[in-house]
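These notes are about the structure you will find just below.
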Amino acid sequence: MSMAVASITRISDVCLLVEDIERTVAFYVDKLGFRLRRRAEGFADFHGEGVTLAAWEIDHISQHAGVSKLRSPRHAHKVCVAVQLGAPDEIDRLHAELTAKGVPFYGPPENYVWNARCAYFTDPDDTLWELYAWLDGGPGDYHDDQP
């Protein structure tokens, strides 16, 4: 494996492009329980385990980095942020806790054909989130030819 490939596979941050940073910070802190790490004009990131979750206002990144500020239509998902929990019953517990805080789930947790118990919700910018835990037998066969 080349050094370029090895370097690019070390994902350190996932940055959600959002329309209203204040609304986003309120949702992630008040409803999901993230702790704010950094806050700047049009930007915030949060303490987490492993990958850092960040949010950047679309207009702000466009103004400073020259990227497109074209918005997706409402309810058009472009990414799914997945969180693996330790056991299927944790999905039900967290679903109940977040539902009580007003987090909009698509439905109750279910067992899916890919051998996981999952629940799906969206943030204020329609970013899709998946909570999942493997059922008995885990994720099944991997066909990864890497050592």
Working only within the range 88-121, note down all residues that are of a type in the set (Val, Ile, Thr) and either assigned by TED's automatic domain parsing to the domain that holds Trp56 or at pLDDT 95 or above (or both).
Ile91, Thr99, Val103
Could you tell me whether any residue of the range 115-131 is assigned to a loop (DSSP other than H, G, I, E, B), more than 14 Å from the chain's Cα centre (by Cα) and more than 13 Å from Leu32 (Cα to Cα)?
yes
Restricting to the range 41-58, count the residues that are out of contact with any strand residue (DSSP E or B) (no Cβ under 6 Å at 6 or more places or on another chain) and loosely packed, with under 14 Cβ neighbours inside 10 Å.
3
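Check Asp30, Asp123, Asp136 and return the single one that is of a type outside the set (S, T, N, Q) and surrounded by 12 or more Cβ atoms within 10 Å (Cβ to Cβ). Break it down into steps so the answer makes sense when it comes.
On the way: Asp30 fails: surrounded by 12 or more Cβ atoms within 10 Å (Cβ to Cβ); Asp136 fails: surrounded by 12 or more Cβ atoms within 10 Å (Cβ to Cβ).
When all the criteria are applied, what remains is Asp123.
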Only one of (1) in contact with a Phe, Trp or Tyr (Cβ under 8 Å, 6 or more places away or on another chain); (2) assigned to a helix (DSSP H, G or I) does not apply to Val103, and that is (2)
Hey, any hits in the range 66-75 for a residue that's surrounded by 15 or more Cβ atoms within 10 Å (Cβ to Cβ) and under 26 Å from Ala133 (Cα atoms)?
no
Filtering the range 77-89 down to residues that are in a helix (DSSP H, G or I) and touching a strand residue (DSSP E or B) at 6+ places or on another chain (Cβ under 6 Å) yields Pro88
I need the full set of residues from the range 29-59 which are in contact (Cβ under 8 Å) with a residue 24 or more places away in the chain and not acidic (Asp, Glu), in order please.
Lys31, Leu32, Val51, Thr52, Leu53, Ala54, Ala55, Trp56, Ile58
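The values are calculated or read from the model by the stated rules, or taken from the named source; none is laboratory data. Note that the coordinates shown come from a computational prediction; the quantities given were computed from them, not determined experimentally. In this analysis, Cβ positions are derived from the backbone assuming ideal geometry, glycine residues included, and neighbour counts consider all displayed protein chains.
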